[in-house]
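The values are calculated or read from the model by the stated rules, or taken from the named source; none is laboratory data. Bear in mind the structure is a predicted one, so any value in this text is a computation, not a measurement. Positions of Cβ are backbone-derived with ideal geometry, glycine not excepted, and every protein chain shown enters the neighbour counts. Ligands, DNA and RNA are excluded from the accessible area calculation, which covers all protein heavy atoms including side chains. Shrake-Rupley method; radii C 1.70, N 1.55, O 1.52, S 1.80 Å.
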Amino acid sequence: QILDAAMLVFSRNGLQSAKLEEVALAAGVSKATSYLYFKSKDDLISALMKRFFEQNMDVLHHLRQTEGDFRQVLMEWIDQTEEVLAENDVFVAIGLEFYSFAGRDAQAKEMVRGFFLEYQQLLTEMIETALLKMRKPTDIAPQIAFGLITQFEGANLIGSLIKWEPGLYSKMKTNMGLLLDGAGL
């Protein structure tokens, strides 16, 4: 309950400006109750970041378990992500806040770094599987995964700044398709 409220308050007011009192009020609990669970605002931010990135990793783990052509699975994931982000400014705003916070906080930076390493590893495994099915060498899989991540995350960042211009994800899918074409996927 407190984490859900924190997500709304932090996305609206920013991590730096928001106060724990505002989070407690939005959660319908006293400030003292919020301190029972989180000793400081930084503890609350860390817990919220962990939850946010774990949810994203759950989606990626599910994606890895999905049967079918890698390219098709990837494109469907992009479509789903576009729908969620276009309808929910909270996810976009809080994601930007987390990246900003990670630039100032070593523990948060390490958390984000760990997320991206796991993200790349999962995509690499999926790409390796797709390449093996096609009897192609897998040594390029980490670079392909990195390229897909930079395109995806870059589009999310640009989308958040320009309010999801129509066709943005279509452009990203075209670029990802070109990368996959070049890799023979």
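Remarks
- When semi-axes √(5λ) of the Cα gyration tensor in Å is computed from the coordinates, the matching label among (1) 22, 21, 16; (2) 24, 19, 18; (3) 35, 17, 14 is (3).
- J(HN,Hα) series, the range 139-153, from Karplus relation 6.51 cos²θ - 1.76 cosθ + 1.60, nearest Hz, glycine and proline x: 4, 8, 3, x, 5, 5, 4, 4, x, 5, 5, 5, 5, 5, 5
- Centre separation in Å (Cα based) which lies between the range 1-31 and the range 67-135: 26
- Accessible surface of Arg104 - all protein chains present, 1.4 Å probe, nearest 10 Å²: 130
- FRET efficiency for Gln1 and Glu125, using Cβ-Cβ distance with R0 set to 45 Å, rounded to 0.05: 0.80
- Using C-alpha pairs below 8 Å separated by at least 6 residues, the relative contact order for the range 117-161 is 39 percent.
- Solvent exposure of the range 55-185, expressed per residue, is 56 Å² of accessible area, with all protein chains present and a 1.4 angstrom probe.
- For the chain, adding -39500 (n - 2.57) for each run of n ≥ 4 DSSP H residues and dividing by the number of residues yields -27000 deg cm²/dmol at 222 nm.
- Mean separation of Cα pairs under 8 Å and 6 or more residues apart, divided by the residue count, gives the chain a relative contact order of 21 percent.
- The chain, accessible surface, carbon-and-sulfur percent (1.4 angstrom probe): 56
- Counting only residues at least eight positions apart within a chain, or on another chain, the lysines with an alpha carbon under 30 Å from that of Lys173 are Lys50, Lys109, Lys133, Lys136, Lys163.
- The range 53-135: C-alpha gyration tensor shape, a/c 1.5 cut-off, then a/b vs b/c: oblate
- Gain in span if fully extended, Glu54 to Asp181, counting 0.36 nm per residue against the direct Cα distance: 42.7 nm
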